[in-house]
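First up is the structure itself, then whatever we jot down about it.
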Amino acid sequence: MQTAREQLARLQIADRETVLAKVADILRQQNGSHEALIELRGQSLRVALGNRPPDLAIGDLIKVMRAGSTLQLIGKLAPGQESLIARALAQHLPWQHNLQSGLSQLFSALHQGLKPAPLPGQLPSATPVQPLPPEAQNAIQNLANRLASTEKLVPGDGKTATMAHQVRQWLSDSGLFSEARLLQSNSLAEAQPDLKQVLARTISALLTSQNQGPEHFNRLTPLSSPELLQSPLQFPAPQAPAAPQSTGEPSTVGHTLRLLAGMLNRITVNQLHSQTLNARAGAEPGMPVNTLLVELPWLTHQQEPRLAQIRLEQYDQHKESAPEPGRASASEWRLSLSMDLDDAGPLHFDVSFRPPSVSALIWAEKQSTLRAVHQELPLLRQSFSDLGLDVAELDCRKGSPQQSQTRLEHRLVDTKA
């Protein structure tokens, strides 16, 4: 077994030199002292911490110094960007609500109205239904008018510049870029609020109508969706079955505020999840350098909301693969699109694009849908060719692909996501 001095010499750490390490475990000795098991340059080493319980946790980055044949703790580094984002993400995970279900309830409230909180001595059943405040009505209706819909998606329009601009607008309206839009301080962002801003305006209008301030909203417990509690960081995630728009008893203002809080948390989770993955870019070989996770609402012919989940990843040109002569190196883009259609059932598209080559794999769970997609593959291949692309692979398979899940440090979140 190597001595401590031999281990330090092998790691090429000079006497009095300071280095960075990561805490792997905290060990308590029989005499009451503590040691930290650290990861340093690919090896595990022990650092004496003394009798005082250390203010350290697994995963912390620390600075240590060699003193002869021992390592001494100098101090703990401030939390890095990934750690701060992960902590914020963990705080929102338990309180997210499915956007598809939430929009269905908002559209019902737009037509049915809501029940306000009963007055002292008044029975809840005797509370009269009131329409949504005008500001909330306008915000929700304008959002519905701008959502993607089956009526706006005509076969063949995907090749036009107009449709490309429309898709970019739908992505911008998803709420993922809400804060960036506000920072631009332009009149367009104010005149056409995105989904996150619409939810915030609806919350503000409902609170004002009840003579309540933001402090009341901050005390509410957001509504959460069971499927998002089971797989909080799987994206694309299994989608709950579409529920028809409610035609029964109108909801209450209190329930709707909790619903809106859960929907806001869902968008925030997608934002923080994207930032967490981007903060890890380059940490391991084969990881994307940029990732965007977007949930894009759209409307059916019956004006019922549905959800498309989009995962867009950018990979750098591999160093070991030299570009072809006469062609500049290019990033590879991978698109995952998941949606559940009423007749076709769940569909998943995996598209890989590195100019001028494109590959596409389509997954369908229903046998009838699988047959229909196979019949359309020649047309899809021709469409790619018309755009000047080389089709490397094009296929359709039954079932669904295995989805990756992001993992956070255990101390940040109990769920193994």
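The values are calculated or read from the model by the stated rules, or taken from the named source; none is laboratory data. None of these values were measured; they are calculated from a predicted model. All Cβ positions, glycine included, derive from the backbone under ideal geometry; neighbour counts span all protein chains shown. For the accessible areas, the whole protein counts, side chains as well, though only heavy atoms, and no ligand, DNA or RNA atoms are used. Shrake-Rupley method; radii C 1.70, N 1.55, O 1.52, S 1.80 Å.
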ask   = How large is the helix-only mean residue ellipticity at 222 nm for the chain, computed as the sum of -39500 (n - 2.57) over DSSP H runs with n ≥ 4, divided by its residue count, in deg cm²/dmol to the nearest 500?
value = -10500 deg cm²/dmol
query = What is the spin-label model distance, in nm, from residue 365 to residue 231 if the labels are put 7 Å beyond Cα along the C-beta direction?
reply = 0.9
message = Give me the one-decimal nm value for the distance between modelled label points at residue 46 and residue 330, 7 Å along each residue's Cα-to-Cβ direction.
response = 5.6
ask   = Using r as the Cβ-Cβ distance of residue 180 and residue 404, and R0 as 25 Å, what FRET efficiency do you calculate, to the nearest 0.05?
value = 0.45
message = As I understand it, the dipole of the chain uses +1 on the Cβ of Lys and Arg and -1 on the Cβ of Asp and Glu, about the Cα centre. Which of 106, 90, 344 lies farthest toward its positive end?
response = 90
query = Can you give the FRET efficiency for residue 392 and residue 33, using 1/(1 + (r/R0)^6), R0 = 45 Å, r = Cβ-Cβ distance, to the nearest 0.05?
reply = 0.15
request  = Add +1 for every Lys or Arg and -1 for every Asp or Glu among the other residues with Cβ under 13 Å from the Cβ of residue 314, and state the total.
outcome  = 0
query = If ligands, DNA and RNA are left out, what is the accessible area of residue 255 with a 1.4 Å probe, given in Å² to the nearest 10?
reply = 70
request  = Would you indicate which of (1) 26.6, 82; (2) 21.6, 72; (3) 24.2, 76 is the value of Rg and Dmax of the Cα atoms in Å derived from the coordinates of this structure?
outcome  = (1)
task = Work out which helices of the chain, taken as complete DSSP H runs, extend at least 15 Å along their axis over the Cα atoms and score a mean Kyte-Doolittle of -0.5 or more, then list them.
result = 81-92, 99-112, 161-172, 195-209, 253-279
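Tally the DSSP beta bridges in the chain and give the antiparallel ones as a percent, rounded to 5.
85
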request  = Taking the Cβ of residue 62 as the centre, find all other residues whose Cβ is under 10 Å away and add up their charges (Lys, Arg: +1; Asp, Glu: -1).
outcome  = +2
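If I stretch the segment between residue 141 and residue 91 completely, what's the gain in nm (0.36 nm per residue apart, minus their alpha carbon distance), one decimal?
Numbers: separation 50, 0.36 × 50 = 18.00 nm, distance 3.13 nm.
Length difference between fully extended and current span is 14.9 nm.
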request  = Express in nm, to one decimal, how much length is gained between residue 385 and residue 17 on full extension, taking 0.36 nm for each residue of separation and deducting their alpha carbon distance.
outcome  = 126.5 nm
note = Measure of exposure for residue 107: accessible area at 1.4 Å probe, Å² rounded to 10, is 10
query = Any idea which of 19, 141, 158 is furthest toward the positive side of the dipole for the chain, if Lys and Arg beta-carbons carry +1 and Asp and Glu beta-carbons -1?
reply = 19
ask   = For the pair residue 26 and residue 342, how long in nm is the line joining their label points, each one 7 Å along Cα→Cβ?
value = 5.6
request  = Given a cut-off of 30 Å, name the pairs among 196/398; 115/366; 159/398; 152/366; 76/196 whose C-alpha atoms lie farther apart than that in the structure shown.
outcome  = 196/398; 115/366; 76/196
